[in-house]
Amino acid sequence: MTPLLLFAALAAADTPAESAAALVARVQPAVEEIRGLKFKRPVAVRIATPAAARAHFAERARSLWPEERARLDQKVYEQLGLLPPGFDLLASVLDLLEEQALGYYDPGSDQLTMVEGQASSPLAPMLVAHELTHALDDQHFDLDALLRAGADDDDRGAAAAAVVEGSGTAVMTLFLTREVGGGRISMDAVMEMQKSEAKRAERLKAAPPVIQRGLLASYVLGMSFLLRGNPGRLLGGVPGADLDRAFTDPPRTTEQILHPEKYWVEATRDVPAALVLPDLSKALGDGFALRGRGNLGELELASLAGAFSLSMDSPDVVWPARWTNAAASGTAGDEFQHYANGARSVTLLATRWDTEGDAVEFQNGLTTVPRSRSYRAGRGVVILAGDDLGARAERIAAALLEHLALAE
């Protein structure tokens with residue numbers, strides 16, 4: 001799923017415009033101190049209705065995740081068994097954002113928005129801390145430029161989103177810790193917020209796992225990645241130098257997010273080479289045409305290989321190992337292509353792995369597509385999903401596997 005980098009925070013707030021500005025003025029110095037950067041210019045603040053917030057999310061989606069691409073992703077996920085048939089992916093994501101995201105930062109207008117109509121909460125400063133961090137990072141590193149760099153690489157875009165939301169979540173978490181320690185927010189208020197958010201999260205918990213993971217990974221895994229895989233490091237403060245490095249030399253894959261040593265440790269740094277498949281329209285037969293392509297990365301390959309269950313209420317959720325599994329580890333790149341011929345369509349997914357053993361483990365771990373529709377040779381595994389290709393299936397798979405072998 002192409003990441004929707006909407007710069008939204010999941011927190012409650014019901015603050016009049018006048019007091020919102022005062023709240024921003026109070027929180028801003030703390031954010032600067034925790035993040036280790038100074039604002040270059042003021043950040044405007046406004047209050048928006050839930051309808052206006054949804055309109056904002058929809059506009060961002062049109063810019064970053066056009067409807068045509070969203071429909072492509074939806075069909076691909078259906079055929080790979082990650083979504084039920086007929087599931088409206090774009091509408092579902094926008095519904096969840098409207099319900100869950102109660103504040104956001106818009107880099108286009110350099111403006112922080114708080115959504116009205118929610119229960120008044122003493123934890124509103126958390127929301128402001130998160131969004132001010134986005135504003136601060138944007139003024140120094142240009143968040144939309146970071147996102148545009150991954151526009152043609154889904155996995156790279158997801159890794160960039162993890163840096164952005166991880167920064168906001170890390171600063172917000174440390175800010176909350178200091179507020180509680182200083183007596184400005186009570187533990188009773190924290191417990192009440194947790195109960196309230198648990199109720200609000202029911203709809204998110206009911207969403208297909210691939211959507212849950214797509215919306216939450218950047219927040220949870222992003223913070224863990226920036227802490228080099230050890231959330232306990234946050235007790236020592238937000239590592240500003242590490243955050244700055246991640247923005248100026250961002251991770252390229254969700255594999256690096258899930259396995260931070262593959263980014264932070266030079267000896268084990270791992271950036272797979274891009275995988276580009278040939279157009280197989282002619283091999284598929286008269287009438288078939290390539291409608292789109294993309295990639296999944298380890299985070300979504302893990303969903304294909306059984307890494308579904310993830311309790312968002314568990315403290316273990318902050319550990320990257322809970323988001324993947326052995327069957328998805330060791331990826332060296334992937335690409336999917338979607339072809340259509342009238343009402344008939346097919347998704348081809350080619351994956352390359354670090355070792356032949358990794359490839360075997362991935363194929364054996366597949367749970368969302370029939371094993372009979374997967375093919376392996378050496379370090380490559382190919383999946384043919386969607387309409388049955390009959391006798392052409394093995395020829396198509398062989399061509400893709402040969403391409404993978406030649407690209408090594």
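Evaluating Ala321 against the criteria (1) modelled with pLDDT under 95; (2) surrounded by 22 or more Cβ atoms within 10 Å (Cβ to Cβ); (3) more than 19 Å from Leu82 (Cβ to Cβ) leaves one unmet condition, (2).
Output the helices (runs of 4 or more DSSP H) that fall wholly within region 176-277 and possess 2 or more residues being at pLDDT 85 or above, or say none.
On the way: elements: 187-200, 202-206, 209-226, 240-248, 254-258, 261-264.
The qualifying helices (runs of 4 or more DSSP H) are 209-226, 240-248, 254-258, 261-264.
Counted as qualifying within region 306-408 are the strands (runs of 3 or more DSSP E) with 2 or more residues that are under 27 Å from Asp286 (Cα atoms) and of a type in the set (A, V, I, L, M), namely 344-353, 380-386. In summary, strands (runs of 3 or more DSSP E) completely within region 14-133 and bearing 1 or more residues that are among the aliphatic types (A, V, I, L, M) and modelled with pLDDT of 85 or more occur at 44-48, 111-115. Of the residues screened, Val164 is one that is within 22 Å of the chain's Cα centre (by Cα), crowded, with 16+ Cβ neighbours inside 10 Å and not basic (Lys, Arg). Scanning region 29-42 for residues that are surrounded by fewer than 20 Cβ atoms within 10 Å (Cβ to Cβ) and either touching a strand residue (DSSP E or B) at 6+ places or on another chain (Cβ under 8 Å) or at negative phi (or both) gives Pro29, Ala30, Glu32, Glu33, Leu37, Lys38, Phe39, Lys40, Arg41, Pro42.
Here region 243-284 is the region considered, the condition is being of a type in the set (Asp, Glu) and surrounded by 17 or more Cβ atoms within 10 Å (Cβ to Cβ), and the residue that is nearest to Tyr339 (Cα to Cα) is Glu255.
Could you grab me the full set of residues in region 237-271 that are among the β-branched types (Val, Ile, Thr) and within 17 Å of the chain's Cα centre (by Cα)? Within region 237-271, Thr253, Thr254, Ile257 qualify. Would you mind stating whether Gly287 is at pLDDT 90 or above, part of a loop (DSSP other than H, G, I, E, B) and either touching a helix residue (DSSP H, G or I) at 6+ places or on another chain (Cβ under 6 Å) or outside the structural domain of Glu33 (by TED's automatic domain parsing) (or both)? Yes; evaluated as a whole, the condition is true for this residue.
Among the residues of region 140-152, those that are within 13 Å of Arg252 (Cβ to Cβ) and in contact with a helix residue (DSSP H, G or I) (Cβ under 9 Å, 6 or more places away or on another chain) comprise Leu146, Ala149, Gly150.
The values are calculated or read from the model by the stated rules, or taken from the named source; none is laboratory data. No experiment lies behind these values; they were computed from the predicted model shown. Virtual Cβ from ideal backbone geometry, glycine too; neighbours counted across all protein chains shown.
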